[in-house]
Amino acid sequence: ADFDTKKKKKKAEIYRALNSDPIDVAALRRMAISEGGLLTDEIRCKVWPKLLSVNTDDLPPLPAGKELREDNKDYQQVLLDVRRSLRRFPPEMPDEQREGLQEELIDIILHVLKRNPQLHYYQGYHDIVVTFLLVVGDRLATALVEKLSTHHLRDFMYTTMDNTKDILNCLMPIIDKMSPEVHDFLQNAEVGTIFALSWLITWFGHVLSDFRHVVRLYDFFLACHPLMPIYFAAVIVLHRKQEVLDCECDMASVHHLLSQIPQDLPYESLISKAGELFVQFPPSKLIKKAAWVERTAASTFKDFELASVQQRPDTVLRQRLRERLRGEERLRGEERLRGEERTKSILTKPRTNRFVKLAVVGLTVALGAAALAVVKSALGWAPKFELQIFP
């Protein structure tokens, strides 16, 4: 009963955020990350477009499949991959329905590629597209996948794998920060990071058999910075620390162990930990020294336009901080009030480290790390504005 009450309350909060004017995208991000994610596919149909700034009132009609397929260089490969995607559809689904959806899946992929010739198809892309198709249907899926492909997934869609490899190379530094022991073991085994490739480029859609877990992760990733899947990959490896350390320290054994992902992972606690890791070691810290930062989609993410100033994460950050300060003022009286006025003055100089520390400590206490991760990861989404809270 308690779970149902929490679910009802969360549903109400999501609809409140959707119905506010302007739509409270920051609240929707928090809902997508916090326990249980967006709860139902009906809600996802409404919230996913908002997280990607896609206007659902103006969806273009889909072109006829025949004209897309003629003389299309990717058609044969897409066809092969889609035919192999049987297990991505609910097992109880009638063949006829599944075959219809597979045709739609081919059309969505070819449509996005045709409209964006700079994007290149990769094996595993269909695993992401089918998730959207099953949740929101073909027209909306096409719009969402197109936006996603030109932003979050862009690094996987270049002619070479260079950017993808560079993102995979963030995995070991994150693991090292949390467990030097696991990091050194993996280095000694010379296992590399290729075991996590299919996790990253399909957002775990290819490796998880339970569709509920896949969409729960998509809620999380859509609400966050494009590099969040690599933090989640690190958290899975760290969660299996004992298994890893008990394994033979050689490449074949460790690769085999890690590439077989357990299906009974504690998803909610791993999502929360990934959020905390993101807060502790934001991408700017991980990749500051790396030469590749300039050319990845993740590095140019500030160009991703948001619809209104309400969605700007610095606004949310300040508002939360002010709310917390007001609560403390009431509790601690005049003396405390003077201290807090000084704290507030820091808000006018957001570049200072003191502000960053204050925001991180204060908000972690007030909201929990996962919610803070939303606000901070969303920093990467904002248009270029002068308030750069994190360098």
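The values are calculated or read from the model by the stated rules, or taken from the named source; none is laboratory data. All figures in this text were calculated on a predicted structure; none of them were measured in a lab. Backbone-built Cβ (ideal geometry, glycine too); neighbour counts: all protein chains shown. Protein only, heavy atoms only, side chains kept; ligands, DNA and RNA dropped before computing areas. Shrake-Rupley method; radii C 1.70, N 1.55, O 1.52, S 1.80 Å.
Ranking MET178, MET157 from most to least accessible surface, computed with a 1.4 Å probe over the protein chains only, gives MET178, MET157.
Excluding ligands and nucleic acids, what accessible area in Å² is computed for MET251 using a 1.4 Å probe, to the nearest 10? Estimated to the nearest 10 Å², MET251 gives 110 Å². Would you mind classifying the range 73-232 by shape? Square roots of the alpha carbon gyration tensor eigenvalues, ordered a ≥ b ≥ c; an a/c under 1.5 is rounded, otherwise it is prolate if a/b is larger than b/c and oblate if not. Note, shape of the range 73-232 comes out prolate.
Positive-end ranking of SER85, VAL130, LEU28 along the dipole of the range 1-150, with charges on Cβ about the Cα centre, is headed by LEU28. The portion of the accessible surface of the range 150-301 made up by carbon and sulfur, rounded to a whole percent, is 53 (1.4 Å probe; DNA, RNA and ligands excluded).
Could you tell me how far the Cα centroid of the range 107-169 sits from the Cα centroid of the range 186-222, in Å? One Cα centre to the other: 16 Å.
Once all protein chains are placed together, SER198 keeps about 40 Å² accessible to a 1.4 angstrom probe.
Among the lysines of the range 1-147, pairs that are 8 or more positions apart or on different chains and have alpha carbons within less than 15 Å of each other number 6.
Our Cα-only numbers for the range 217-259 put the radius of gyration and Dmax at 13.2, 38 Å. In terms of accessible area, using a 1.4 Å probe and ignoring ligands and nucleic acids, CYS45, CYS224 rank largest first as CYS45, CYS224. Shape class of the range 1-150 from the alpha-carbon gyration tensor: prolate, with a/c at 1.5 or above and a/b greater than b/c.
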